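Let me begin by presenting the structure, written as structure tokens, before commenting on it.
Laboratory data are not the source of any read-out in this text; all were calculated from the coordinates shown. All of these numbers come straight from a predicted model, not from anything done at the bench.
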Amino acid sequence: MKPVEQRSDLKPEEFVEEYLRKNKPVVLKNAASYWRERWTPQWLKERFGTRKVVVETDEVFVHDKTQKTIPLAELVDIVLSDSQEFRLRSMSFLSQVPELLQEFEEHSDFERLYLRGVGGPKRAFWITPNGNATLLHHDTFFDNLNVQVFGRKRFIMMPPSSYKSLYVHLFSESPLDPRQVPRDKFPRFTGVDLAEAVVESGDIMFVPQFWWHFVISEGICINVNSWIRTTPQAVRAVTSQIPLAPRYFYRIYHKDLTRQLISRNIRAAHRVSSFFGRKEARGAAQ
Ligand SMILES: O=C(O)CCC(=O)C(=O)O
């Protein structure tokens, strides 16, 4: 596996030219040094332990998970006990805890410096247990800056052009675990350019739109990531590398009105499709 480039002190202009415009991943070493171990599991438990969080389990596909609501303190105790039962991936947690949102906003200059897309950022807050694996997927129209606040994560990445080799499920998810792909079950998985990055506390991982990523937590991790929607020009440039049918789906879907229309039904479609996809994913895991 090739290493993803790592850069320290990267100037925003160079980031935009060399990585954002070229749709190329990079680890921004120490670019979020303020965030290094700023929030720890124990600290979150002490300050906000009674807040309710929606945790996920039984991951097969991103859009097909079992959810449960528990107090944050319970989640922290579970992950500290080395259980992989639950993970938190919340789009709303920072806004539920205004103190955290305010602190994040005050110290997120990197968003303004590095991400120049369409619209403001959408953010997610993550607590993942040691050994957690987030399955292979891409973030479609979003460029993503993922800040490692606590712990260490390994990103296994594949370029958008790998589409044909990944047994894609409903356009943006794949059942493959790139650490070990059974060739007899997935013979099309050949010649894929794999790249790997290890991100440590205080670093930022740049995941460009359409890049496939499979993410392993090496220890308990806390992350905040910011997604910015990219421009139609960038979508056109990147989708030219993928097959015709998904290419036109993505281009149509990127247009706002069509997007809203499709979005209403996309979750239902995911559920139906996951019902069939589960069998393939489970079969592969056995
Ligand atoms: O941190 C993880 O486990 C997954 C991160 C991810 O998929 C993302 O930032 O889009």
Original post:
Taking springs between alpha-carbon atoms closer than 10 angstrom, which of Ser161, Ser201, Ser81 fluctuates most in the Gaussian network model of the chain?
Top reply: Ser81
Original post:
For the chain, modelled as a GNM with alpha-carbon contacts under 10 angstrom, which of Gln260, Gln209, Gln84 fluctuates the most?
Top reply: Gln260
Original post:
Does the chain come out rounded, prolate or oblate by the C-alpha gyration tensor, with a ≥ b ≥ c the root eigenvalues, rounded set by a/c under 1.5 and, if not, prolate when a/b is larger than b/c and oblate if not?
Top reply: rounded
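When only C-alpha pairs under 8 Å and at least 6 residues apart count, what is the relative contact order of the stretch 2-285, in percent?
25
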